[in-house]
Amino acid sequence: MAVKKINIGLVGYQFMGKAHSNAYRQLYRFFPEVGVEPVLKVLCGRSEEKVKAAAEKFGFEDYETDYEKLCARDDIDLVDVVTPGESHVPISIAAAKAGKMGFCEKPLANTVAQAESMLAAVTEAKVPHAVCFNYRGIPALALAKRMIEDGRIGTVYHWRSVYLQDWIVDPNMPLVWRLQGDVAGSGALGDLAAHSIDLARWLVGEITEVNGMLDTFIKQRPVLAESDDRLGGKASDEMGEVTVDDSAIFTARFATGAVGTFEATRMAAGRKNHHRIEINGSKGSLVFNMERMNELEYYNTEDPGDARGFQVIQTTDSEHPYTGAYWPVGHVIGYEHTFINLMRDMLEAFTQGKPFSPDFADGLACQRVLEAVSRSAASRSWESV
């Protein structure tokens, strides 16, 4: 089988840049049957010194400091945007106008209007596009999707999710870009709850109405002196205003008739990446926790009464989604594989001319929910999506 090479132009080189670069390097090694091999062609960033060092570290052939030059290059097939939220719009639109396949980190944009402009650009250019909701690439959640579609838990009544982290609990944690509204758009709401919203839409259905509250507990933090690729950095002596939420909590109604609760915070001491989801249906329930990402809990109301209870499915067998490409049974996969799995599906669809989800339309749908939650927090009332 002929292997199609896809030349990657990646904009951004810190936390997500590292994750995406690794996934592109590994994709063909684990999924050769797809017949697509990403090539790390060009890494782009504003600081020439830093982006040059990152390009050498990650294995890129070349680097650029201007995203417009990157998009104009004839040797680039796909532009991947992993920069802070406020720059997603101009880079993605420039890539679309240049006829490049588009891939963008979540959330797609900082506002609904921005997301609409991005979707309009890729639609007009007729280029393939995708949003990096990488948790869809978790085998346990892909299995949950299959079980729900097969009717294993019946009619879904409840969605329940909490996404808890604690990396900003310390008030001396510096004012990184994720704590600045003009750059990030929102705090825990867009950073964490966006993942929950996408999974809820994917597993249960469209969200039609929300009622939420947003809170900021630490109003000022030290201004960032130097960033790093692990969400933090060095603090300066100057103080700055935190302009995003620390906590986002909302209830929701789905078009299917199901109801849901969502909580997201980066102020939950002791919780590192606790993304727990519970889905209750007429025939059973499913439970997933990101901190135990190779497990899916399943309760079946049709089991005999004396044997009824939650069973833990270890999603490490070849019958489970994606896992047959990796290790022998029982040998778990990790966070980095979620990107490989999503990109596997994305590049297969792109090169074969097939529809792919999550795309920019999914990113826009998520953004509409995020914006409705923000409106609800301000109005203190239910808001339609």
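Rounded to the nearest 20 Debye, what is the dipole magnitude of region 253-385 about its Cα centre when Lys and Arg each give +1 and Asp and Glu each give -1 at the C-beta? Kindly include the intermediate steps, with their values, before the conclusion.
Values: 13 positive and 17 negative charges, 123 e Å.
With only Lys, Arg, Asp and Glu charged at Cβ, the dipole is about 600 debye.
In whole angstrom, how far apart do the alpha carbon centroids of region 96-124 and region 140-215 sit?
Between the Cα centre of region 96-124 and that of region 140-215, the gap is 21 Å.
Counting each DSSP H run of 4 or more residues in the chain as -39500 (n - 2.57), what helix-only mean residue ellipticity at 222 nm follows after dividing by all residues, to the nearest 500 deg cm²/dmol?
Per the formula, -9500 deg cm²/dmol.
How many nm separate the modelled label positions at Ile218 and Thr351, each set 7 Å beyond the Cα in the direction of the Cβ?
Rounded to a tenth, the inter-label distance reads 4.5 nm.
Can you list which of the trypsin sites (Lys or Arg not before Pro) found in region 32-75 are DSSP loop residues with at most 14 other C-beta atoms within 10 Å? List each step's numbers first, then the result.
Numbers: sites: Lys41, Arg46, Lys50, Lys52, Lys57, Lys69, Arg73; in loops: Arg46, Arg73.
Those that pass, being in a loop and sparsely packed, are Arg46.
For log10 I(q)/I(0) by the Debye sum over Cα atoms at q = 0.13, 0.14 Å⁻¹, the listed values are [x] -1.52, -1.60; [y] -1.02, -1.19; [z] -1.14, -1.32; which was obtained by calculation from the structure presented?
The listed entry that was calculated here is [z].
Which of the listed residues, Ala258, Gly185, Ala248, is farthest toward the dipole's positive end in region 159-259, when Lys, Arg count +1 and Asp, Glu count -1 at the beta-carbon?
Comparing the listed Cα positions along the dipole, Ala258 ranks first.
What share of the DSSP beta bridges in the chain is antiparallel, in percent to the nearest 5?
Beta bridges within the chain, antiparallel portion: roughly 60 percent.
Calculate, in nm to one decimal, what Asp66 and Asp170 gain on full extension: separation in residues at 0.36 nm each, minus their alpha carbon distance.
So the extension gain works out to 33.9 nm.
Sort 376-385, 192-201, 139-148 for me by packing, meaning the mean count of neighbouring Cβ atoms within 10 Å per residue, highest on top.
For the peptides 376-385, 192-201, 139-148, the packing ranking is 192-201, 139-148, 376-385.
Mind checking which lysines have their C-alpha under 22 Å from Lys145, skipping anything on the same chain fewer than 8 residues away?
Within reach: Lys106, Lys283, Lys354.
Could you pull out every one of the lysines with an alpha carbon less than 19 Å from that of Lys69, ignoring same-chain neighbours closer than 8 positions?
Lys41, Lys50, Lys52, Lys97, Lys100
What is the calculated FRET efficiency for Thr155 to Arg375, with r their C-beta to C-beta distance and R₀ = 22 Å, to the nearest 0.05?
Numbers: r = 30 Å, r/R0 = 1.36.
Given R0 = 22 Å and the Cβ-Cβ separation, E is 0.15.
Give me the 1.4 Å probe accessible area per residue for region 148-276, excluding ligands and nucleic acids, in Å².
Details: 5610 Å² over 129 residues.
With all protein chains present, region 148-276 gives 44 Å² per residue.
At what distance in nm do the modelled label points of Glu336 and Lys57 sit from each other, each positioned 7 Å from its Cα along Cα→Cβ?
Computed distance between label sites Glu336 and Lys57 equals 1.4 nm.
Leaving ligands, DNA and RNA out of it, report the carbon-plus-sulfur percent of the accessible area of region 176-291 at a 1.4 Å probe.
Carbon-and-sulfur percentage of accessible area, whole number: 47.
What is the distance in Å between the Cα centres of region 360-378 and region 50-66?
Each part reduced to its Cα centre gives a spacing of 34 Å.
The values are calculated or read from the model by the stated rules, or taken from the named source; none is laboratory data. Since the structure is predicted, the reported quantities are computational estimates derived from the model, not experimental observations. As a convention, Cβ positions derive from the backbone with ideal geometry for all residues, glycine included, and neighbour counts pool all protein chains shown. Please note that ligands, DNA and RNA were not included when accessible areas were found on the heavy atoms of the full protein model with its side chains. Shrake-Rupley method; radii C 1.70, N 1.55, O 1.52, S 1.80 Å.
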